[in-house]
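To keep things clear, I will list the structure first and then write my remarks on it.
The values are calculated or read from the model by the stated rules, or taken from the named source; none is laboratory data. All of these numbers come straight from a predicted model, not from anything done at the bench. Cβ: placed from backbone, ideal geometry, glycine included. Neighbour counts: every protein chain shown. These accessible areas exclude ligands, DNA and RNA; they are computed on the full protein's heavy atoms, side chains included. Shrake-Rupley method; radii C 1.70, N 1.55, O 1.52, S 1.80 Å.
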Amino acid sequence: MNMKKTRVLMFGWEFPPHITGGLGTACRGLTSGLFKLEQTEVIFVIPKVFGDENPGTVVLLGANKVRVNKKEFEFFENQDKMEVMEIDSPLVPYLNAEEFWTLKSKKYTRQTRFIQTNEGYEVDFQGGYSGDLYDEIKKYAVVAEVIAGDQHFDVIHAHDWLTFPAAIAAKKVSGKPLVVHVHATEFDRTGENVNTRIYSIEREGMENADHVIAVSGLTKRTIIEKYGIPASRVSVVYNAVEPVEGPTPVKTGKILKDKIITFLGRITFQKGPEYFIEAAALVLRKMRNVRFVMAGSGDLLNTMVLRVAELGIADRFHFTGFLTSDDVHQLLKMTDVFVMPSVSEPFGIVPLEAMQFNVPVIISHQSGVSEIIEHAIKIDFWDTLAMADAIYGLLNYNALARHFSSEGKHEVDCLEWTHAARQVAGIYRMLLNLNS
Amino acid sequence: MKSVCLYFQVHQPFRHRRYRFFDIGADHYYYDDYTNDAVLSKMATKCYLPANQLLLKLAKKLGSKLRVSFSFSGIVLDQLELYAPEVIHSFQKLAKTGCVEFVSETYSHSLASLANPEIFREQVNHNEERIFAIFGQKPRVFRNTEMIYSDQIGARVAEMGYDAILTEGARQVLGWKSPGFLYVNTINPRLKVLMRNFKLSDDISFRFSNQNWPEYPLSAEKFISWIEQMPWQEEMVNLFMSYETFGERQPKESGIFLFFEKLIENVALHPAMKLATPSEIIAEIQPVSAVSVPNPVSWADEERDLTAWQGNEMQVEAFRKLYQLADIVKLNTDPALLRDWDYLQASDHFFYMSTKHASDGEVHRHYNPFSSPYEAFINYMNVLSDFAFRLNKQNDNQLLNDEVMTLKKRLEEKELKIRELEADILSFKHSLKTKMKS
């Protein structure tokens, strides 16, 4: 193997601390793992750099900081060195509607496209998941093309559907092999009522990819069955979890004597929050000195609040809304049992975080993480009786809780991102060997 | 001679701060001081003070022809003492003119009448004492929170010794009957029932500045002509409204104060009309019949029922969980806990959880510090959880104290016994010695 490092142009949508789900966290974990391997160099592109990110080991490039009209432009990175690149873009930037029409009236070739910029000739992105998402994706793809024209790299790697059009555009410009990384599919997000527009973006991405990475066997099956991708082009790479900073957490911050059972995640169909509530009601019939906490927000939050009121358990069931990562850590420190009753979870990184805090976890068979975790109680998401049983057992039989707490901690500490990164690097190598 | 009965209600709740799950068991302060202070100060300068000023001016001018009545929740009196004591002073000045009758209500503006007769009675007594302490009047007439009334509630109020109650002249109760007559309670006919004329009352408090209302603009003359056109047999016109109508709900710029002044003046000086307080009305006017109200009515929303506070599962649950604590609260004497207990009962907390979306939903949103009813519910339940946590802890402490006391007592008894036995042994030894000697 030669010593030349593989340069990877990676497209993501979010990066800590500006995250809404596990995607940003996973991206940071993977890139830091790749850095440690010292075989690759990653340029990580996101639509919007807020400025307070801690990229750590990755070169973070914000699409909102890319000048699209200058022959020469500088690109943002964290390591204080600037690279200067030449571009020759068929793009015509404009500032406002009026200018757009004046430009439009001039003669341009058919391929010329127009893009709205700010006064620094950069394209504005909102970041996140609000607003006109399709428009953001389209703009992202246009800027990706500019970036791909200037950067030197060997492989393109894209995380989830929002970045697929950008990655495809980069592939068209550069001709480099494309890896798409599927953290979740539309089927996981919505059940069977898929948004066909999103589905077709996902499918197009996977079809254009030279290789597809799935975060679990569960996701790999979905990719094969629902998207028609041949099994030979799909590999499973499990996520890991970054070690918690500081010393091993001890159980502190607990003021209430009551035991605490926690659900943490977006409150959406995919996460199965209603099953947690039903199980809570069952447990509360048997014992009163417990409290259930549902942390997070989502479109089902109000329905869940109503259901809790209806069951008459609102004095023992609490909602916290969306939590910052500090609050998440505080909550996990207070937690006695963590439950993830996901209906469909491609991977599910949160139980791993809970295990880092010595918390026994209950996870559903319908989650990718259950494929790699041994020391967790596994149930079917719909089996609220089994869930209630498991909660009750962990709360009342100390030996059981102690076992899952220490074994789980040990198990999760052995999961490392470098391991995942090694597999990913292997896939890059395979593609490059095929190409050469 | 038609009696026009002007009654105003003064109330503001103690709003809760954003109380998070993490605060439960850790932080026992529930109130949003900043907002409470800001709202009270705003009410004082926009409404209470200028409206009182106006009434004082009219009292000087009209003398004893000015008759108005007020009721205060204990909670608003507590807040006025904290944030705007000058308002209390100004009401006291008004009381001294002798033109004002003070009507009683529940201390917390609570829904206790629907939950627990014992707490209801305590709440009423508490408020009575407060009114007497501040204004030196013992109320003879009662008005329940939000005008909530049913035959049952009326009977309980009569038991407490009240002569009359004010309530809503709701359509579902009165039917073809008119609020222009005096009625009595069906269970205990000694209690007179004054029915609010909601049409005329709401013309002032809700519609006065509404430019889409066909009667806009409303002048005192026009309003009085409506009263003049009412059948001559009807002996009274009950105008009951929130005092905040003046200056807050209807802004000063709408001319509400001028209207109010003219209305009072013209009625007081009208040849066929006079102002009267509820007590004067029941002394002068004969009741025409009993009024049957099997299901509670209120003055809220289009429905005039309890759905503003009991309309969805969240409200029912929060209400149930609150009053489930009543028995443990009874065992408690900690003043801080009891004060929080009072403030937790304010009906406003339940009002914030309403999910009604009709035109009345507007009102719910306007006075709501929360962005959604769900948020209001979550916050309230967190506060309630902490309150229950403190109650139980206090209770445990008390039990522990009791236990320590009994053990101590037993120890003392044992000590005493030991001393007795020791003395016995001593005397025994002594007698033994003397025996040996002899």
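Taking the condition in contact (Cβ under 8 Å) with a residue 12 or more places away in the chain, open to solvent by less than 10 Å² (accessible area, probe 1.4 Å) and either away from chain B (no Cβ under 13 Å) or in contact with a helix residue (DSSP H, G or I) (Cβ under 8 Å, 6 or more places away or on another chain) (or both), does A:Val305 pass? Taking the combined requirement at face value, the residue satisfies it.
Here's the yes/no breakdown for (1) part of a loop (DSSP other than H, G, I, E, B); (2) at pLDDT 85 or above; (3) of a type in the set (Val, Ile, Thr):
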site: A:Arg7; (1), (2), (3): no, yes, no
site: A:Met10; (1), (2), (3): no, yes, no
site: A:Thr20; (1), (2), (3): yes, no, yes
site: A:Ala26; (1), (2), (3): no, yes, no
site: A:Phe35; (1), (2), (3): no, yes, no
site: A:Val92; (1), (2), (3): no, no, yes
site: A:Trp101; (1), (2), (3): no, no, no
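The combined condition, being under 22 Å from the mean Cα position of the chain (by Cα), modelled with pLDDT of 90 or more and either among the basic types (Lys, Arg) or over 19 Å from A:Leu394 (Cβ atoms) (or both), is not fulfilled by A:Pro341. Among residues belonging to the stretch B:273-307 that are among the small types (Gly, Ala, Ser) and more than 26 Å from B:Phe206 (Cα to Cα), point out the one that is most open to solvent (accessible area, probe 1.4 Å). Selected residue: B:Ala283. With respect to B:Phe8, is the statement that it is within 14 Å of another protein chain (Cβ to nearest Cβ), touching a residue at least 60 places away in the same chain (Cβ under 8 Å) and not charged (D, E, K, R) true? It is false that B:Phe8 is within 14 Å of another protein chain (Cβ to nearest Cβ), touching a residue at least 60 places away in the same chain (Cβ under 8 Å) and not charged (D, E, K, R). For B:Gln315, the conditions (1) under 22 Å from B:Phe120 (Cβ atoms); (2) modelled with pLDDT under 90; (3) within 13 Å of chain A (Cβ to nearest Cβ) all hold with the exception of (2). Scanning the stretch A:151-182 for residues that are of a type in the set (Phe, Trp, Tyr) and surrounded by fewer than 23 Cβ atoms within 10 Å (Cβ to Cβ) yields a single hit, A:Phe153. Quick check on the stretch A:319-334: of everything there that is within 7 Å of chain B (Cβ to nearest Cβ) and either touching a residue at least 40 places away in the same chain (Cβ under 8 Å) or buried (at least 22 other Cβ atoms within 10 Å of the Cβ) (or both), which residue is farthest from A:Leu282 (Cα to Cα)? Only one residue tops the list, namely A:Gln330. Scanning the stretch B:9-68 for residues that are open to solvent by 40 Å² or more (accessible area, probe 1.4 Å), among the acidic types (Asp, Glu) and more than 19 Å from B:Phe350 (Cα to Cα) yields B:Asp27, B:Asp33, B:Asp37. Out of the stretch A:192-240, which residues are hydrophobic (A, V, I, L, M, F, W, C), within 25 Å of A:Arg28 (Cα to Cα) and either in contact with a strand residue (DSSP E or B) (Cβ under 9 Å, 6 or more places away or on another chain) or open to solvent by less than 10 Å² (accessible area, probe 1.4 Å) (or both)? Selection gives A:Met206, A:Ala209, A:Val212, A:Ile213, A:Ala214, A:Val215, A:Leu218, A:Ile223, A:Val234, A:Val236, A:Val237, A:Ala240. Any residue in the stretch B:139-159 that is closer than 18 Å to B:Ile282 by Cβ and open to solvent by 10 Å² or more (accessible area, probe 1.4 Å) sitting within a Cβ distance under 9 Å of a residue that is β-branched (Val, Ile, Thr) and assigned to a strand (DSSP E or B)? List the pairs, counting only those 6 or more apart or interchain. Note: pairs meeting the criteria are B:Arg140/B:Val103; B:Ala158/B:Ile165. Exactly one residue out of A:Ser367, A:Ser406 is farther than 30 Å from B:Phe370 by Cα, among the polar types (S, T, N, Q) and buried (at least 20 other Cβ atoms within 10 Å of the Cβ): that is A:Ser367.
Among the residues of the stretch B:318-341, the ones that are away from chain A (no Cβ under 14 Å) and of a type in the set (Ser, Thr, Tyr) come to 1 in all.
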